[in-house]
1. Let me have the 222 nm mean residue ellipticity of the chain computed from DSSP H runs of 4+ only, each contributing -39500 (n - 2.57), with the sum over all residues rounded to the nearest 500.
2. Beta carbons within 10 angstrom, averaged per residue: use that to sort the peptides 142-154, 197-209, 98-110, 245-257, highest first.
3. Using Cα springs under 10 Å in a Gaussian network model of the chain, which residue among SER158, SER292, SER309 shows the largest mean-square fluctuation?
4. Would you list ARG18, ARG280, ARG308, ARG295 from fewest to most Cβ contacts within 10 Å?
5. Can you give me the convex hull volume of the Cα atoms of segment 90-226, divided per residue and expressed in Å³?
6. In a GNM of the chain with a 10 Å cut-off on Cα contacts, which of ALA12, ALA335, ALA23 has the highest mean-square fluctuation?
7. Among the lysines, select those whose C-alpha is under 24 Å from the C-alpha of LYS329, and discard any that sit fewer than 8 residues away in the same chain.
8. In whole angstrom, how long is each semi-axis of the equivalent ellipsoid of segment 1-155, when you take the square root of 5 times every eigenvalue of its Cα gyration tensor and sort them from largest down?
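Where a number appears in this text, it was derived from the coordinates with a stated rule and is not lab data. Because the structure is a prediction, the values reported are computed rather than measured. Glycine gets a Cβ as well: all are built from the backbone with ideal geometry, and neighbour counts include every protein chain shown.
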Amino acid sequence: MTTGAEPKADLAEKELQRRLQVARDAHAYQAYLRVRRHVIAQLALGHNRRSSGHVPSDYWSGELSRFDYMLDASPLVIAQLRHHTHNLTGLLPQHYRVSLDTKRQQFAEKLEALRDLDQADLWLPEAPLLGGFGFEIDGELVNIDTLKFYEVLVALHSGAVLAEFRDSTERRLVWEIGAGWGGFAYQLKTLCPNVTYVITDFPELFLFSATYLLAAFPEARVRFYGEVPAGETFDNWQEFDFVFLPDTFHAESKPEQVDLMLNMVSFQEMTTQQVHAYVRHAYELECPYLYSLNRDRSHHNRELSNVRSIIGEYYWPHEVKMLPVSYPKMLDAGADLPKSGYKHVVGWRRVRL
Ligand SMILES: C[S@@+](CC[C@H](N)C(=O)[O-])C[C@H]1O[C@@H](n2cnc3c(N)ncnc32)[C@H](O)[C@@H]1O
């Protein structure tokens, strides 16, 4: 028996299939499929996390299990990838509704305050790419992530680090530990194209960051750990725009040159042993600068001593003062308590320990 509803349902099904096909053919989804092949291969390399001291902190063990669905993401999920990165930095599009005008005004004020500190024209808004969202301010998208990245760029410039990456005619290597969805990598690579940007993270996270970066930079030359024998990962590193390295293989990876190591909102969630290992590795590779935007320790993290103290063992820490409030807060929230806020720390490598 046919009903009047069936042809409509058929049409809707056809329309869905058409949308899915468009999304499947899109560069971003093809990039995701490429990334996923490498992520699965990296997961299969199977360093025993427990015996090699790479057990994620309690906090991250819980978080990782929430990304399982990203191993089988629909093309429609990839087309809106930024709507799925709330697992990483907590932002959702509904926080930026047009109706929230008072909040929009607060964001505009904070952006203005950061612009006053910026002497090098470093502002980059959220890209509309893959469902990018934010308050529209002067025709540009602004959200907490973009304000955070802007703050970091201004701090790196004030800390006398960034200029040499921006103006360099020589290739530089920047290495970020825990890059989340890749938003800062996107910004730094846009401002400093002559950089090879290495990301160390859990392989599952590359489903977000590598997909985003490959979508943002379709011409980028990319290397995934495992594509070539391990010892050759950094051969001809100058020819690559991005290198994606699983955390379990970080310690044994030794590029001949590292110019800057970065960590944002991530050391604070690791164990003391993990932060030590990352900072010591940077020191041993003679990386001159280590930058951190972290709390000394996240409130819930009982496995960590103090981020700044650990950095201080290998790097001479210089705190760069920015706004009186930490990055997630607006200016009217009142100044941070001295011990609880996020600190911008530019570390200079110690000559000897
Ligand atoms: C809260 S997110 C921050 C992401 C990004 N830095 C930002 O500020 O937008 C924390 C990041 O640290 C990574 N992470 C956590 N523990 C890690 C570990 N032991 N080694 C490497 N990355 C880790 C997570 O996978 C995630 O990418």
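1. Here the helix-only value at 222 nm equals -11500 deg cm²/dmol.
2. The peptides rank, most packed first, as 197-209, 142-154, 245-257, 98-110.
3. Answer for the Gaussian network model of the chain: SER309.
4. ARG18, ARG280, ARG308, ARG295
5. Looking at segment 90-226, the number lands at 120 Å³ per residue.
6. ALA12
7. Those lysines meeting the cut-off are LYS103, LYS110, LYS148, LYS321, LYS339, LYS343.
8. 34, 29, 15
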